[in-house]
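Down below is the structure, laid out as structure tokens.
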Amino acid sequence: MKLSHFPTSQWQLPPIYRPTLSPEHGVYVVLLISLVTGAAAAQQWTWMTTLALICAFCSFQAEHPLVLQIKQRKTWKPRFLLWGGVYGSIALAIALALVWVQGIDLIWIYLGAIAALVVDLVSVWHRQQKSIANELITFAGVCLAAPLAYLATTGAIANPIIGLWLLDTLFFSSTIFTVKLRKKPPISSLNAVIYHLIATLIIIGLYYLGWLSLVTATAWGVALLKFSSILVGQNWYRQAPIKYVALLETCSALLFLVIVAISLLPAYLAT
């Protein structure tokens, strides 16, 4: 008997067993680029780095069904609870394995990620998940992938990797203010200008502290260039199709990654 004679529904998984996947594509970019910058700072990619990638990915995926459940809190959704538990269990198992191999310093990163998760879930409960404060905390939590990759690879922590985490966070948080210029009503351009001025001062401070090299710090210039171009062309930016906005954000993120990665190359590769 031909396979086509069977009803299609017989070959589909019941809804509860269908994995949940976050539709936040922008966060995937932030997560991956942050992790790669951390690996670049470690100047190597090992099995521990790969485990850190899986751990970060599963942690991110575990949050999504929890958020959905909170939004639909009047009824329990077994599918959300199941996949939140599956992703969370995988992330926890890998996290503990990394601590066992590379040391207890990783606990601080985990605590930071848990704190960001709790703040986000509380914000979702109060329907404030799109507030600037919550999104800043969320990006800071996602960008912890950089020190996670570094610590998982090297087993050590240093001030420059904290500087790199701050650089990643400030760069990607810039998107919060540019995208909100498209919202109705849009945020004030002055708020966006103030954020970029403060972030610039922080980057300069990190350079003078020796937490960022000069070349690494100049990667922040990508955010300033993007923001300046948006300010000049606000009318176009506010009306442009979302695909062009996504393209602009992706290209700037990749350029940022290239500059940071090259600046962190070993001396014998950079020369």
- request: Kindly provide the pair-distance distribution of the range 158-266 built from C-alpha pairs, with 10 Å bins from 0 and whole-percent values in order of increasing distance.
  value: 14, 46, 29, 11, 1
field: 20 Å Cα-Cα threshold exceeded, pairs from Lys130/Lys183; Lys77/Lys130; Lys74/Lys184; Lys183/Lys243; Lys130/Lys184
entry: Lys77/Lys130; Lys74/Lys184
task: With runs of 4+ DSSP H residues as the only contributors, calculate the mean residue ellipticity of the chain at 222 nm using -39,500 (n - 2.57) per run, divided by the residue total and rounded to the nearest 500.
output: -24500 deg cm²/dmol
query: For the range 135-271, what is the charge dipole size about the Cα centre, in debye to the nearest 20, if Lys and Arg each add +1 at the Cβ and Asp and Glu each add -1 at the Cβ?
result: 540 debye
- line: Between the residues Leu144, Val260, Trp45, the Cα farthest towards the positive end of the dipole of the chain, that dipole coming from +1 and -1 charges on the beta-carbon of Lys, Arg, Asp and Glu, is from Leu144
- request: Give the Rg (one decimal place) followed by the Dmax (whole number) of the chain, computed from C-alpha coordinates and expressed in Å.
  value: 20.4, 74
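For the range 10-84, state the semi-axes of the equivalent ellipsoid (square roots of 5 times the eigenvalues of the alpha-carbon gyration tensor), sorted largest first and rounded to whole angstrom.
That gives 31, 14, 10 Å for the three semi-axes.
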message: So if I place +1 on the C-beta of Lys and Arg and -1 on the C-beta of Asp and Glu, and nothing else carries charge, what would the dipole magnitude of the chain be about its Cα centre? I want it in debye, nearest 20.
response: 1220 debye
message: One quarter of the convex hull surface, Cα atoms only: what value does that give for the range 16-156 in nm²?
response: 8.2 nm²
statement: A 1.4 Å probe over the protein heavy atoms gives the range 158-266 a carbon and sulfur accessible-area percentage of 75 percent
message: With a cut-off of 8 Å between alpha carbons and a minimum separation of six or more residues, what is the relative contact order of the chain in percent?
response: 22 percent
- prompt: Counting only heavy atoms of protein chains, what accessible area per residue, in Å², does the chain have with a probe of 1.4 Å?
  reply: 55 Å²
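The values are calculated or read from the model by the stated rules, or taken from the named source; none is laboratory data. It should be emphasised that the depicted structure is a prediction, and the values quoted were computed from it without experimental measurement. Ideal geometry is used to build each Cβ from the backbone, glycine not excepted, and the neighbour counts take in all protein chains shown. When the accessible area is computed, the model is the full protein with side chains, heavy atoms only, and any ligands, DNA or RNA have been set aside. Shrake-Rupley method; radii C 1.70, N 1.55, O 1.52, S 1.80 Å.
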